[in-house]
Amino acid sequence: MSKYKVNGSYTWVDGKIGGCPVEKTSIDIKVWSSSSTDTTMKLEVNSKIAGVVKKMFEDIYNDPSHPVIESIGCFRDSDGYPGHPFGVAIDINPDHNPDTRDYAAPYNPASDPLSMNESHPIVKIIRDKYGWDWGGDWNSKKDYMHFSFWGG
């Protein structure tokens, strides 16, 4: 994968990363907001997994606990990790689920319903039902917001 890096990062330019074509698409997903109302968010993902991602978020939306999603992101033009530029990694509620390698956002799953632990419905659906990797399972520093189709 390092052959796709430019200046230390995986960078998406003109539909490619280091010559490898990456087709992204925008999907609409319904989510529950903090005000307990439903809303629609747009998410840019790799077109090859768009159907799976859409179904995954339908399952989250239909969960009886109505897990809240305030913020979500997938595709980024450039990153040191390939999952986001390739559109196969998703970050959910980063202000409540820190990447402990870089910064310390508040993280308290016992009192904050937006902070995810292993029993959170979003984790149970994405990791347990769909088999994606979750950054909260990492052995070293944790990335509680992060889910990856590729793992890691």
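Between residue 128 and residue 20, the simple spin-label model (points 7 angstrom out along Cα→Cβ) gives 3.2 nm.
Its relative contact order, with pairs defined as Cα atoms under 8 Å and 6+ residues apart, puts the chain at 18 percent. Taking 0.36 nm per residue of separation and subtracting the current Cα-Cα distance, fully stretching the chain between residue 9 and residue 79 would add 24.7 nm.
For residue 139 and residue 119, what is the calculated FRET efficiency with R₀ set at 22 Å and r taken between the beta-carbons, to the nearest 0.05? Once rounded, the FRET efficiency stands at 0.70. Between helix 50-62 and the chain there is an angle of about 10 degrees, using the helix long axis and the longest principal axis of the Cα atoms. Evaluated at 37 °C with a viscosity of 0.692 mPa s, what Stokes-Einstein diffusion coefficient in µm²/s does the range 2-148 have when Rh comes from the Kirkwood expression over alpha-carbon pairs? My calculation gives 208 µm²/s for D. Given their separation in residues at 0.36 nm each and the Cα-Cα distance between them, residue 95 and residue 27 gain 22.2 nm when the chain is fully extended. Annotation: peptides 6-15, 86-95, ranked by per-residue average of other Cβ atoms within 10 Å with the highest first, follow the order 86-95, 6-15. Loop-located GluC sites (Glu not before Pro) in the range 33-141 (DSSP state other than H, G, I, E, B) with a sparse environment of at most 13 neighbouring Cβ atoms within 10 Å: 118. Among the lysines of the chain, pairs that are 8 or more positions apart or on different chains and have alpha carbons within less than 22 Å of each other number 29. Between 52, 22, 68, the Gaussian network model of the chain with springs among Cα atoms under 10 angstrom shows the greatest mean-square fluctuation at 52.
A short reminder: the numbers here are calculations on the coordinates, not readings from a lab. Treat the numbers as computed from the prediction; the structure is a model and nothing was measured. Note that each Cβ is placed from the backbone with ideal geometry, even for glycine, and that neighbours are counted across all protein chains shown.
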